[in-house]
Structure formats: C-alpha cells, structure tokens
Amino acid sequence: MALAGIRVIELAGLAPAPFCGMLLADFGAKVIRVDRTKVSMAVDTQARGKQSVALNLKKPQGVVILKRLCLQSDVIIEPFRKGVMEKLGLGPEDLLKENPRLIYARLTGYGQSGSYAKSAGHDINYLAISGLLSMLGRSQEKPYAPLNLVADFAGGGLMCAFGIVLALLERTRSGKGQVIDASMVEGAAYVGSFMWKSQNIGLWNRARGENMLDGGAPFYETYRTLDGQHMAVGAIEPQFYQQLIQGLGLDPDDLPDQMSVSDWPELKKIFTEVFATKTLAEWSQIFDGTDACVTPVLSLDTVLTHPHNQERGSFLRDDRGELSPRPAPVLSRTPAGPSLSRDPLIGEHTRSVLMEYGFKSADIEQLLSDGIVECNEAKARL
Ligand SMILES: C[C@H](CCC[C@H](C)C(=O)SCCNC(=O)CCNC(=O)[C@H](O)C(C)(C)COP(=O)(O)OP(=O)(O)OC[C@H]1O[C@@H](n2cnc3c(N)ncnc32)[C@H](O)[C@@H]1OP(=O)(O)O)[C@H]1CC[C@H]2[C@@H]3[C@H](O)C[C@@H]4C[C@H](O)CC[C@]4(C)[C@H]3C[C@H](O)[C@]12C
C-alpha cells in the first residue's frame, strides 16, 4: 500500500481528525490513536484499521510517553483548540526539536492565528466563515448546511491528509518535517474555489437557490416519483437535456427554451408532474443507458444493490456485516487495503504499542498501576 511503513500518532478528536487518520490507515499507514484514560466508549466512528493507546496527557509521565512515541513516528495529528498542545509541553517546537523529520498536523476550525483561533466551533460555523454557507439553501429559505460534509470532512480531514501526504513527499527531498496549519474554514473555502472563480461567468448572479446549480434550474434538481422516492436530474448540456425531454415523453415544441430563466418555475412544475407518474424503478429503466443524466437517489441501504456499484465493488462489508464506502481513489499498483476487523477498544493496544516502541514490560506495569496508561486487552478478548 502507498503509505506502508508510515507511522501516525492521532490524538483522539471528534470527526475531522479521525477521518484524516482513517484515510491514512486505509492506504497503509500504521495509525495509533491516543485516547484519554477513564473513558468508557470511543466516539471515533472512523477508527477503521487503527490501534488505540489510552494515555493520560495531564500527567508529566504521559507527556514523556507521547514524546517517545513521536520520536519514532512520521506524523502527529492534533485536533485541539489552539494552545492546548503547547500548554501540555507538546507543541511543534518541543516535538520537532526531538524529531526534526516529524510532520506535525494541526487540524482546527479557525487555524493557528487570527482572532477566532481560540474559539470553539463546529462544521456549520467554519462553513459560515468560509463564505460558502451563504450560497447553500433553497430559494427564499435560510442557509442550510449540507450535513457536516464540507468543513469537517472535505475541507478538514481530507485536506489535512492531503497536506500530510505533500509533507511526506517533500521530506523525501529535504529530510525535514514541518508543521501543517489545516484550518477548516480555509480548507472548505479552497474546496469551494469554483464558486469564487466562476462568478464572472454568471453562474451565481441570482439569489440563493435561483441559479443553475443550486436548485434554481429544472434540469438540475431532484423529483419525487410515484412510489415516494426521488430521481436526480443533471441534464445541463443541450444534447443531454434533449434526452431528458425525450425520456419524460414530452414534446420540446410544447416547452419553453431550456435556458429561459423566467420560465424555470413553470418548467419545474411540468417535470414535477411527469416524474410523479412513474416509480423509481420505472424511471431508472427509462433513463439507464441514456445520456439524459438522470439517476435514482439511492439511500445508504440501497447503494450496494445498484448494478453499477456492485460491478465496481464500490462498497464493502466488514466482519460484522457493516456497510461502508470502499477507499477512493483506486490506485492500480498499490490500492488501499482497508481493515475489515472491528474498531479498536480504548486502550486495546496500549501494551503492544508501548512494547513495539521499546518500553520494557516492567515499566509498562508500573505505568498501568500509576494510572498513566490504561489497557483493555481483556475486554477485547471477550
Ligand atoms: C458526532 C458528534 C461530533 C459532531 C462533529 C461536529 C459537527 C464537528 O464539527 S467536529 C469539529 C470540531 N472542531 C474541531 O475539531 C476544531 C478544533 N478543535 C476545537 O476547537 C476544540 O477541540 C473543540 C471546540 C472541538 C472542543 O473543545 P474542548 O474545550 O472540549 O477541547 P479543547 O479546548 O480542544 O481541549 C482538549 C482538552 O482535552 C485534554 N486532553 C486531550 N487529550 C487528552 C489525554 N489523552 N489525556 C488527558 N487530557 C487530554 C487537553 O489537554 C485539553 O485540556 P484543557 O482544556 O485543560 O486544555 C459527537 C459530539 C459529541 C458526541 C457525544 C458526546 O460525547 C456524549 C456521548 C459520549 C458517548 O461516549 C457516545 C455517545 C455521545 C452521545 C457522543 C456521540 C457523538 O460522538 C457526539 C454527538
């Protein structure tokens, strides 16, 4: 796998950092998640392929252990508010001094500088400050955040993983690590570059929800079917639009021009009425194999049974039968090899990881009895 041999220390966080760690693990990195002690249940739902060490960083010995782990690792991912790591004596200066090859990834909402740097926040706040939230939503309605996909995952976890891979690549030339300041506000805005750079071609001239790609156009919309499901329509180009009209059984001569914006509400009404006359299966049969750009809106449960997804093996089932997306993209020689085993329990690998990093058995027993680290091997065997 592409990242085989890379060791990553991921300090446990909420959603973006765990996703970043999972991406690296899927592509072969050894990812050790450092959890707090005295926590019963992990909140990391993106723990595929990771190991867990439970370590109390509020104790000086805990800090020493983390430093030792970082000394023999390539990457650390920290998901805390600005200043937290420095307060613990684990800031970039401390860690890079001991391991100059370390890549120190700081995944935060607002970045390491600026007046918001120390403020709490979540995806919706970062999206708001990025400018993008103002563009998301239906006509005449308030802005609407599309789950926590854009800032947490696209602009946060994924962008941070991109930074880490860049830094690893650069290190092969310089031999040096570096600090990555991954702000979700900036990551989200960057993912949205198209929105800024396409303003001068008139794509966003109208109010929110009334443009071509934000729900304004009848040919870029979802429609309810007879059986209460939905079809997605993305027939932008005239030659594809023509196939949409044909599939709907409409006569183009009876319809206003595709690009007549003032007629869009009327055209939407017509499409809505027609889509409501057939089931999702019937519409799929009509449009599959055409270039009308019409597809069924699948649920998380039905994606697996769709022929295209089945043919490509786009989703996988783990040992417990849970379904999730296969890692993307697919690399021809060194594809990802996601773990199919259950997620780690908190502290399940404390002992084995510490041994691997050179700690002696007797020292580990002492750390356990002092409450600096915790082990959950017994629970894991149940
Ligand atoms: C699924 C829910 C998550 C939703 C995601 C949401 C939409 C997001 O947007 S995530 C993005 C959040 N933002 C960031 O990550 C940006 C950077 N980080 C921050 O800004 C902050 O960390 C913060 C704002 C996110 C949190 O601030 P906080 O004050 O809590 O923390 P920090 O200032 O960063 O300081 C951390 C302190 O912790 C100390 N620490 C760290 N590690 C250790 C260690 N190993 N040992 C000792 N101490 C440690 C560190 O030193 C700092 O200490 P100080 O403060 O003294 O400096 C989920 C959201 C909530 C979940 C539910 C909830 O947890 C309750 C249940 C729990 C149960 O187990 C499972 C079910 C729950 C219902 C659970 C379910 C879901 O997981 C949630 C709903």
*If you take the charge dipole of the range 148-203 about its Cα centre, with +1 on Lys and Arg Cβ and -1 on Asp and Glu Cβ, which of Trp196, Val150, Val165 is farthest toward its positive end?*
Val165
*Using alpha carbons only, how many degrees (0 to 90, rounded to 10) separate the axis of helix 159-174 from the longest principal axis of the chain?*
50
*Calculated from backbone phi, Karplus (6.51, -1.76, 1.60) coupling profile of the range 40-51 in Hz, x at Gly/Pro*: 7, 10, 6, 9, 7, 8, 10, 9, 3, x, 8, 10
*Rank-order 176-189, 130-143, 245-258 by packing density, defined as the average count of other C-beta atoms within 10 Å over each peptide's residues, highest first.*
176-189, 130-143, 245-258
*Beta bridges per DSSP with both ends in the chain, % antiparallel, nearest 5*: 35
*Which lysines, on any chain, are close to Lys142 with Cα under 22 Å apart, when same-chain ones fewer than 8 places away are left out?*
Lys268
*Output the antiparallel fraction of DSSP beta bridges having both residues in the range 1-132, as a percent to the nearest 5.*
0
_Unit charges at the beta carbon, dipole of the chain: most positive-side option, Gly5, Leu71, Val274_ = Leu71
*Multiply the residue gap between Leu368 and Glu98 by 0.36 nm, knock off their C-alpha separation, and tell me the result in nm, one decimal place.*
94.6 nm
*Report, in debye and to the nearest 20, how large the dipole of the chain comes out about its Cα centre when Lys and Arg carry +1 and Asp and Glu carry -1 on their Cβ.*
1960
*Picking from Val303, Gln285, Ala232, whose Cα lies most toward the positive end of the charge dipole for the range 220-310 (charges on Cβ: Lys, Arg +1; Asp, Glu -1)?*
Val303
*asked:* Run the simple label-point estimate for Lys142 and Arg224 please: 7 Å along Cα→C-beta, distance reported in nm.
replied: 2.4
*What does the charge dipole of the range 220-310 about its Cα centre add up to, to the nearest 20 debye, if the Cβ of each Lys and Arg holds +1 and the Cβ of each Asp and Glu holds -1?*
300
*Could you give the distance between the Cα centres of the range 259-293 and the range 25-78, to the whole Å?*
50
*Unsatisfied cross-links (Cα-Cα over 18 Å) in the set Lys67/Lys87; Lys67/Lys379; Lys38/Lys379; Lys38/Lys59; Lys87/Lys118*: Lys67/Lys379
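Taken together, the values in this text are just the output of simple stated rules run on the coordinates, not laboratory data. Only a predicted model underlies this, so the values are computations on that prediction, with no experimental measurement involved. Here Cβ is always computed from backbone atoms with ideal geometry, including for glycine, and neighbour counts include all displayed protein chains.
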